1. Quick one: go through the range 34-62 and flag any residue whose amide nitrogen is under 14 Å from the point 7 Å out along the Cα-to-Cβ line of residue 166.
2. In debye to the nearest 20, how big a dipole does the range 1-42 give about its Cα centre with +1 on each Lys and Arg Cβ and -1 on each Asp and Glu Cβ?
3. Leaving out ligands and nucleic acids, note down the accessible area per residue over the range 1-117 with a 1.4 angstrom probe, in whole Å².
4. In debye to the nearest 20, how big a dipole does the chain give about its Cα centre with +1 on each Lys and Arg Cβ and -1 on each Asp and Glu Cβ?
5. Which loop GluC sites (Glu not before Pro) in the range 42-88, with loop taken from DSSP, have no more than 14 other Cβ atoms within 10 angstrom of their Cβ?
6. State, to one decimal in nm, how far the label point of residue 44 lies from the label point of residue 28, with both points 7 Å from Cα in the Cβ direction.
7. Roughly how many whole Å is it from the C-alpha centroid of the range 47-123 to that of the range 130-157?
8. Roughly how tilted is helix 170-179, in degrees to the nearest 10 and between 0 and 90, from the longest Cα axis of the chain?
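The values are calculated or read from the model by the stated rules, or taken from the named source; none is laboratory data. Computed from a predicted model, the values in this text were never measured in an experiment. In this analysis, Cβ positions are derived from the backbone assuming ideal geometry, glycine residues included, and neighbour counts consider all displayed protein chains. With ligands, DNA and RNA removed, areas are computed over all heavy atoms of the protein, side chains included. Shrake-Rupley method; radii C 1.70, N 1.55, O 1.52, S 1.80 Å.
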Amino acid sequence: MLLESQRSVLLVVDVQKRLAPAIAGGESLLDRISTLLKAAAELDVPILATEQYSKGLGTTVEPLAGLLPTGSVVEKIHFNAANEPGFVERVRGLDRPQIVVTGTEAHVCVLQTTLGLRAAGFDCFLVADAVGSRDPENRHVAMERMRANGVEIVTSEMVMFEWLRRGSTPAFKRVLPLIR
């Protein structure tokens, strides 16, 4: 099953000011998510982001916050965003069955949200180089658990090239500098 830009949503889970500095490989993670946000914007892929209790954990970090479309951030209290009132309905309203998931922490909110979206009938794709946890072992086990539950594990480049489908197009020429 390949990703298609016109069937996808990019979801950024809880990359927030008070948590992000503690994430293993955090700088690389932010770079990958930033690149995916730029590619999604170029290819008209809708973007959603969640923030877990922003009063305590802060809002989405820069530079990611500056790349989020107006109105794309969903405040939540549940670790599983699918349990947040109105969230699944909002995703369904986009009429796109493929959810490309990035963010933190892989073993808590990313895991629970991804499995919640799978249970709601969405095809979920976890971007391995754009998810993180404070402890790399927690990230690893979370990825294995999601894979065992039907989540496709992909990389940011896989996502972008699948969204693009082919070279020599105007979209390819706009996105290629993000990949290099």
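1. Once the point is set 7 Å along Cα→Cβ of residue 166, nothing inside the range 34-62 turns out to lie under 14 Å by backbone N.
2. 120
3. That works out to 42 Å² per residue.
4. Taking the Cα centre of the chain as origin, the dipole is about 240 debye.
5. Those that pass, being in a loop and sparsely packed, number zero.
6. It works out to 3.5 nm between the two label points.
7. The distance from the Cα centre of the range 47-123 to that of the range 130-157 comes to 16 Å.
8. 50
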